[in-house]
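Beneath this line is the structure, given in C-alpha cells, with notes to follow.
Please treat every number below as a calculation from the coordinates, not as lab data. This is a predicted model, so every value here is computed, not measured. Positions of Cβ are backbone-derived with ideal geometry, glycine not excepted, and every protein chain shown enters the neighbour counts.
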Amino acid sequence: MGENLLLEKLSNDENEMVKNSYADYGDIYNTTSESVALLLECFESFDPQAIIFVQFLSQVRSSLALAFLSCIRRHEVQTYMMLRQALESAMFAAYGLHKPDFKEHGEIMEDGTIDLNDTFKNKVYKWIEEEFPKHSESTKRVKNQINKRFAHANLINSDNTFEDLGHGFNNYYFDKKDSFFTTTQMWLIADIAIGLLLFFSDVLKQYPLANFIDGFDSKANRLLAKVRRFQEKMKKHPRVKRWNKNA
C-alpha cells in the first residue's frame, strides 16, 4: 500500500471512530464534548491588555480539543501529552492576567527575540501556589500522574500498540480498544476543562480583563455536576474498586 493510501485509510478509520463516539461511549461523550465546547466559547470580550492571556488561552483550547480527539481515536499517550500542554498553558494564561507585560514572561534580547528560561516558569508556579492554592494542587496532581506514566516511553504504554500472539507479534497504529480506559480519559478531559474554566473565573475576579458569555456560570455548574455524578458512578466500577483495594 502506498504512503498516501495508508494515510488516507488511517484518516478514514479515525473519522469513523469520531462519528461513532456517542454510540460507543454515551453520555460521557456528550458531557466531555460540551465541556470542551464551553472552553472554546466561554468568553464574550477581552481587554486589549489581555493579549498574553488570549495567546495562551488559544493554546489551552487547541490542546484540550486535540486531547479529546486523541482520546476518541485511541491514542492514549497523545491524549495525556496534550492535557499536559493544556494545563501548563492555562497557568501561563492566568499569569498573563496578573502580569500583562511581555517583559514579565521572558528576557527580551537585543534582536527582539525572547529568551525562555526556568526562571519565568518558577515565577508562574510560585504565584499560583500562593494565590490559588487549590488550583495549584489539582494541577500538580494531574501533571505528576502524566509525567510518571505518559511523558516518557515505558513498558506499560508501549503495550497499547503491541500484541504477543505466542507464534508472532502484531503492531497497531491505534491503541487496543478498551472502552473503560477511553471512558475514564473522557471524564478526565471534561474534569480538566471545567476545572480550568473555574480557575480562570477565580483569576478574573482579581484581574477583570475578560468577560464571560451570558449564562456562563449556570452552564459551567451544570457540567460540573454531571462530571461529579459520573465520577461517583465510576467509583463503583469493579476495576476501580480493585485498583483502590490494591493502592
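Extension gain, His152 to Phe181, is 8.5 nm, computed as 0.36 nm per intervening residue step minus the present C-alpha separation. Dimensions of segment 188-247 along the principal axes, based on C-alpha atoms and rounded to the nearest Å, stand at 47, 21, 14, largest first. A cut-off under 11 angstrom between Cβ atoms defines the neighbours of Asn211, and their net charge, with Lys, Arg +1 and Asp, Glu -1, is -3. Using the Cβ-Cβ distance between Arg228 and Ser201 with R0 = 25 Å, the FRET efficiency computed as 1/(1 + (r/R0)^6) comes to roughly 0.90. Close amide-amide hydrogen proximity is noted between Phe43 and Ile213, each under 5 Å apart and 5 or more residues distant or on a separate chain (H modeled in the peptide plane; Pro and chain starts excluded). For each pair in Lys140/Lys205; Lys143/Lys205; Lys176/Lys226; Lys143/Lys235; Lys121/Lys143; Lys134/Lys233, compute the distance between the two Cα atoms and list the pairs where it is over 19 Å. Over 19 Å Cα-Cα: Lys140/Lys205; Lys143/Lys205; Lys176/Lys226; Lys143/Lys235; Lys134/Lys233. Take 46-55, 16-25 and order them by the average number of nearby Cβ atoms within 10 Å per residue, most first; the result is 46-55, 16-25.
Across the alpha-carbon atoms of the chain, the computed radius of gyration and Dmax are 20.0, 64 angstrom. Two decimals is fine: what's Rg over Rh for segment 80-131, C-alpha atoms, Kirkwood radius as Rh? Radius of gyration relative to Kirkwood radius: 1.01.
Most tightly packed first, judged by the mean number of other beta-carbon atoms within 10 Å of their residues, the peptides 184-196, 215-227 read 184-196, 215-227. What value, in deg cm²/dmol to 500, does the helix sum -39500 (n - 2.57) over DSSP H runs of n ≥ 4 give at 222 nm once divided by the residues of the chain? When only DSSP H runs of four or more count, the value is -23500 deg cm²/dmol. Modelled spin labels at Asp164 and Ala23, positioned 7 Å past Cα toward Cβ, are 3.6 nm from each other. Both radii are taken from the alpha-carbon atoms of segment 34-83; with Rh as the Kirkwood radius, Rg/Rh is 1.08. For the chain, relative contact order (Cα pairs under 8 Å, six or more residues apart, normalised by length) works out to 29 percent. Counting beta carbons within 10 Å around each of Ser33, Ser63, Ser179 and listing the fewest first gives the order Ser179, Ser33, Ser63. A Förster radius of 25 Å, combined with the Cβ-Cβ distance separating Ser58 from Lys140, puts the computed FRET efficiency at roughly 0.55.
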